[in-house]
Amino acid sequence: MSVEITWWGHATATVRDSGVRVLTDPLFVRRLAHLRRRRGAVPPAAAAVVDVALVSHLHADHLHPGSLAKLPPGTRLVVPRGAGRAVPGLRRVVAARGLRVTEMVPGDVCAVGEVRIRAVPAAHDGRRLPYGPSRVPALGYVLSGESTTYFAGDTGLFDRMPEAVGPCDVALLPVGGWGPYLGPGHLDAGRAAQALARLGARCAVPVHYGTYWPIGMDAIRPHEFHSPGEDFVRHAGRLAPDTVVHRLGHGECVRLEPAR
């Protein structure tokens with residue numbers, strides 16, 4: 001049993017399991033509105049060649065129609081239920097690229113090859129801001145193939161997280177954000193380590209930090225850009241000492257084998 005994970009930056013990662021390539025929250029741009037990519041190259045075109053892409057919620061840095069337009073025609077796309085209704089740009093891309101869309105709510109399951117994808121809840125306001133419908137849920141996803149991988153999307157801690165996610169080998173957890181302050185419904189490095197301790201995953205990969213930052217704000221609380229990955233390693237060592245944390249650089253890959 002093994003899984004291979006490549007982190008491209010922000011919440012974008014490729015998970016390879018059982019011969020299936022899964023891409024999370026594709027964001028393939030150097031600039032998004034007021035945000036600029038300050039670290040790591042934009043993912044190469046090959047990163048978009050996958051079997052399925054997952055979108056956790058409707059925020060523009062997670063559901064980005066221009067990045068979804070780079071997916072090959074006919075790619076499977078999994079999104080929260082109501083995403084197509086709420087985001088006209090998504091509907092246009094789906095029609096133009098012939099993407100095969102599956103809309104999900106927590107508890108729904110679909111399969112791509114040998115990988116089972118289960119939608120789980122996230123404690124996050126997943127609306128397409130500022131006026132999106134609140135009934136569109138924010139999701140995490142649990143991928144079950146040779147290994148079990150939890151991609152949290154954006155979420156805060158919530159009481160039933162371990163029950164909702166279930167046993168997992170690998171946790172991809174957000175540990176920061178794209179600005180000097182995190183609002184509610186997010187995990188910083190300390191809270192992400194608490195989540196990891198509750199989940200009991202064997203391995204963890206921190207994501208959603210150290211990639212995008214508002215233009216002109218480089219000097220405002222810069223530690224919130226640079227330090228979350230290292231802080232997560234430190235907190236996880238204290239709160240979840242049996243978990244191995246792989247802090248990847250942009251574009252780096254790790255292959256995780258089962259415990260012997």
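Under 5 Å from the amide H of Val112 lie the amide H atoms of Ile117, each residue being 5 or more positions distant or on a separate chain, with H modelled from the backbone and absent for Pro and chain starts.
Let me make sure I get this right: for the stretch 151-239, a, b and c are the square roots of the gyration tensor eigenvalues over alpha carbons, sorted descending. Under 1.5 in a/c it's rounded, otherwise prolate if a/b > b/c, else oblate. Which is it? It is prolate, given that a/c is not under 1.5 and a/b is the larger ratio.
If you place +1 on the Cβ of every Lys and Arg, -1 on the Cβ of every Asp and Glu, and leave all else neutral, what size is the dipole of the stretch 53-128 about its Cα centre, to the nearest 20 Debye?
Numbers: 12 positive and 5 negative charges, 54 e Å.
It comes to approximately 260 debye.
Here is the P(r) of the stretch 194-245: all C-alpha pair distances, binned every 10 Å from 0, give 24, 43, 23, 10, 0 in whole percents. With the convex hull of the Cα atoms taken as the outline of the chain, the averaged projected area works out to 12.3 nm². Ranking Ala13, Pro26, Gly89 by Cα position along the charge dipole of the chain, where only Lys, Arg, Asp and Glu carry charges on their C-beta atoms, puts Gly89 farthest toward the positive end. Give the distance, in whole Å, between the Cα centre of the stretch 153-174 and the Cα centre of the stretch 26-104. Value for the Cα centre distance between the two parts: 23 Å.
Of all the options Tyr209, Tyr150, Tyr181, the one that moves most in a Gaussian network model of the chain with Cα springs shorter than 10 angstrom is Tyr181. Expressed to the nearest 5 percent, the antiparallel share of DSSP beta bridges inside the chain is 60 percent. Once both labels are positioned 7 Å from their Cα atoms along Cα-to-Cβ, the gap between Ser2 and Arg100 label points is 2.8 nm. Built from the Cα atoms of the stretch 97-227, the convex hull projects on average onto 9.8 nm², one quarter of its surface area.
Note on the stretch 1-116: Kirkwood hydrodynamic radius from all Cα pairs is 14.5 Å, rounded to one decimal.
Values in this text are rule-based calculations from the coordinates and carry no lab data. Since this is a predicted model, take the numbers as computed values, not measurements. Positions of Cβ are backbone-derived with ideal geometry, glycine not excepted, and every protein chain shown enters the neighbour counts.
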